[in-house]
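Please treat every number below as a calculation from the coordinates, not as lab data. Note that this is a predicted model, so its numbers are computed, not measured. Counting neighbours? That spans all protein chains shown, and the Cβs are built from the backbone with ideal geometry, glycine included.
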Amino acid sequence: MKTVQVGLVGFGTVGSGVVRLLTEHEDRFRRRLGEPLILKKVADIDLARPRLVSLAPELFTDKVQEILADPEIDVVIELIGGVTEAYDLIMAALARGKHVVTANKALLALHGNEIFQAASRAGVEVGFEASVCGGIPLILTLRQGLAANSIQEIFGILNGTSNYILSKMSMAGASFQQALVEAQAQGYAEADPTLDVEGIDAAHKLAILMALAYGTQINFGAIHVEGITRLEPIDIQLAREFGYQIKLLAITRDDGQRVEARVHPTMLPLDHIMASVQGAFNAVYITGDAVGPILLYGQGAGMMPTASAVAADLIDLAYNISHGVAGRVPPLGVNFADQSRRPIKPLEEIVTNYYFRFAAVDRPGVLSAISGILARFEISIAAVIQKGREIRGSVPVVMITHEAKESHVQQALAEIDRLAVITEKTIVIRIEDPNLDAAQI
């Protein structure tokens, strides 16, 4: 058996968690592998700041090149984040015949195809379990655990920050801004939360999951993305009145010919298992043709959950290195030559149910004008609520629709929003409820 040696680049929160696992559970790794897993060098740009764990000073360096040039280091862990520098680091490590472990979902969403092909050419592997949903073993599940299944559908609550904000808006009646401030105070949101609240982080993760689910290349650019910044407490309240919970959902669905790829606020029935996922937790609901529906749930971020996933990749790689094996399972589950070219269904062709909240002046004929336009675009109304209280000088008119085509919805709303009686752009939330049209609201 070969003793595997590791170089860590990026000694921040997650890096500290990885070091903690490698040092505190050294005997556990030795028992699993038959040999110790050695942390040989740690590189970081700031060696002076206080650390959450202690290491011998000689293990530190501020020069990444020391790790890349060391022939005894078998695996490089990239935890610096960002795209450009991380890409350069990983490609340099692969070119030197070193295996890589990364938690960098943005990098993989944008450059994963290149990185995985470079690893294949070099005869090494890339571990990326920590890139999607932190401590939840989701990559392993899709790559191997569900390999016998045709994946029919994935619903994902993939961003803990947004789920925490929506939970606060739902349980405490907080505004989006109030919930965001609390999320930042609790450490769940960055100072600049754009990637989280605009749905981009969830889309990065969905791009990776889709490639694993369907045996395709990663295609981040094809995903439709909307965030949660326009939602207000009244939307949360009305959703509950209709029997729904609002979640920022990443959705992909296979219709046999094309696949859906979208991230946006979504109404789920209150009795759907995903509707009960609260706080900063993540959950992924997967339906396979053989296994049926399954749910993976847990902490999607944080020091130790993410470090757990990084360490799992290290153990897996160490097994392979010790036995002289690389590429036993392709990174996306399918060999590059066998990857399929699954077309993405344009959002305009999606058919689903909708929630509309119109901001209208309080005068006769408003409801009739809105309903008439919707009818012309073949959009049938299932339920209506007209609230008497004003919001910013306008009265909310709220509708739930029967199934409608997205292109018809967008055309109708464009016309409605031009009406003189409409004072703000209409709020639209898609509904995932297969029983809606058959149910009595």
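For this structure, a couple of remarks:
- Vicinal HN-Hα couplings computed from phi for region 49-61 (Karplus, 6.51 cos²θ - 1.76 cosθ + 1.60; Hz; Gly/Pro x): 5, x, 10, 7, 9, 9, 9, 4, x, 5, 7, 8, 8
- With the helix formula -39500 (n - 2.57) applied to DSSP H stretches of n ≥ 4, the chain reaches a computed 222 nm mean residue ellipticity of -10500 deg cm²/dmol.
- Set of aspartates and glutamates with alpha-carbon distance to Lys405 below 13 Å, sequence-local pairs under 8 removed: Glu348, Glu349, Glu378
- On Cα atoms only, tilt of 176-185 relative to the major axis of the chain in degrees: 20
- Each peptide in 244-255, 24-35, 146-157 was scored by the mean count of other Cβ atoms within 10 Å over its residues; highest first, the order is 244-255, 146-157, 24-35.
- Nearby aspartates and glutamates by direct alpha-carbon distance to Lys40 (threshold 18 angstrom, same-chain neighbours under 8 apart not counted): Glu24, Glu26, Asp27, Glu58, Asp62, Glu66, Asp70, Glu72, Asp74, Glu78, Asp313
- Residue exposure sequence - Met267, Met399 - by fewest surrounding Cβ within 10 Å: Met399, Met267
- Mean sequence separation of contacting Cα pairs (under 8 Å, at least six apart), scaled by the length of region 138-299, corresponds to a relative contact order of 34 percent.
- Packing-based ranking, highest mean first, of 52-59, 40-47 given that Cβ atoms within 10 Å are counted: 40-47, 52-59
- Cα-Cα pairs of region 348-431 separated by more than 22 Å (percent): 17
- 0 to 90° range, to nearest 10: angle between helix 233-242 axis and the chain longest Cα axis: 70
- Its residue count N sets the reference 2.2 N^0.38 Å, and the alpha-carbon radius of gyration of region 234-323 equals 1.45 times that reference.
- Computed about its Cα centre, the charge dipole of the chain is approximately 200 debye, with only Lys, Arg, Asp and Glu carrying charge at their Cβ.
- Only Lys, Arg (+1) and Asp, Glu (-1) charged, at Cβ; region 348-431 dipole about Cα centre in debye: 340
- Over region 348-431, relative contact order from alpha-carbon pairs under 8 Å, at least 6 apart, %: 48
- The angle separating the long axis of helix 84-95 from the principal Cα axis of greatest extent in the chain is about 40 degrees.
- Candidate values [x] 71, 54, 40; [y] 79, 47, 34; [z] 119, 44, 42, label of the one derived for Cα extents along the principal axes in Å: [y]
- Look at the alpha carbon pairs under 8 Å that are at least 6 residues apart: their mean separation over the length of the chain gives a relative contact order of 16 percent.
- Per-residue Cβ neighbour counts within 10 Å put Phe377, Phe128 in the sequence Phe377, Phe128, beginning with the fewest.
- Summing +1 for each Lys or Arg and -1 for each Asp or Glu among the other residues whose beta-carbon sits under 10 angstrom from that of Ala261 gives +4.
- Rounded to 5, the percent of DSSP beta bridges in the chain classed as antiparallel: 65
- Lys, Arg +1 and Asp, Glu -1 on Cβ, resulting dipole of region 138-299 about Cα centre, debye, nearest 20: 240
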